[in-house]
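J.: Have a look at this one.
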Amino acid sequence: FNAETIGTEELHIQVPFVHLRNGQPTLAIKPLDLAKDEPNMVYEYGGHWVDRIRRLKKHALLPSDMLFAVQKPVSEDNRIRNAANEIVAELREQGVEVASATDVRAITDFAKAASLH
C-alpha cells in the first residue's frame, strides 16, 4: 500500500493507502475524521467526501474496493452523532465500505484482500 492519486488529471483524490494491480488502483483505504465539534462541521467535511466519491463513481474512477476508516465523534450531542451516522450511511450508499478507525481487525481484513486483487 502506498499513497496514490485516484482518478484522472481532471478529477482525482489523494488516498494514503492504495493497492495497485497493473498500475490501476484496485483497493484503497482512506481515514476520515468526523470527530468534529458541531453538526455543520461534520456535514461539511463528510459531505465533501461523499460528493467526491459519488463523482468518481459516476465517472468509473473508483477502485473496485474502497474502505473509509471513520473516526466518529465522541460528543454527547446527539445532533453531532446523527450527522456522522448520516455521512456514514451516504458513503455506504455509494458502495464503499466503512469501518471504525479503531476497528483494527476490519481494516486489516480489508487490507488482506489486496492479495486477491
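The values are calculated or read from the model by the stated rules, or taken from the named source; none is laboratory data. Keep in mind the model is a prediction, meaning the values are calculated, not measured. Neighbour counts run over all protein chains shown; Cβ positions are idealised from the backbone, glycine included. Surface areas here come from the heavy atoms of the whole protein model, side chains and all, with no ligands, DNA or RNA. Shrake-Rupley method; radii C 1.70, N 1.55, O 1.52, S 1.80 Å.
J.: When you look at L67, is it touching an Asp or Glu at 6+ places or on another chain (Cβ under 7 Å) and either open to solvent by 20 Å² or more (accessible area, probe 1.4 Å) or modelled with pLDDT of 95 or more (or both), yes or no?
T.: Spelling it out, L67 is indeed touching an Asp or Glu at 6+ places or on another chain (Cβ under 7 Å) and either open to solvent by 20 Å² or more (accessible area, probe 1.4 Å) or modelled with pLDDT of 95 or more (or both).
J.: State whether one or more residues within region 39-54 are surrounded by 14 or more Cβ atoms within 10 Å (Cβ to Cβ) and free of Cβ contacts under 8 Å to residues at least 12 places away in the same chain.
T.: yes
J.: Shifting gears a bit: Scan region 6-19 residue by residue and report those that are part of a strand (DSSP E or B) and open to solvent by 70 Å² or more (accessible area, probe 1.4 Å).
T.: H12, Q14, F17
J.: Which one is nearest to the chain's Cα centre (by Cα) among residues in region 20-38 that are under 13 Å from L61 (Cβ atoms) and open to solvent by less than 40 Å² (accessible area, probe 1.4 Å)?
T.: Result: A28.
Per-residue answers, yes or no, for (1) more than 10 Å from the chain's Cα centre (by Cα); (2) part of a helix (DSSP H, G or I); (3) over 16 Å from G46 (Cβ atoms):
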site	(1), (2), (3)
L62	yes, no, yes
M66	no, no, no
P73	yes, no, no
R79	yes, yes, no
L91	no, yes, no
A99	no, no, no
T108	yes, yes, yes
A113	yes, yes, yes
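J.: Could you run through region 83-107 and say how many residues are surrounded by 12 or more Cβ atoms within 10 Å (Cβ to Cβ) and either touching an Asp or Glu at 6+ places or on another chain (Cβ under 6 Å) or polar (S, T, N, Q) (or both)?
T.: 3
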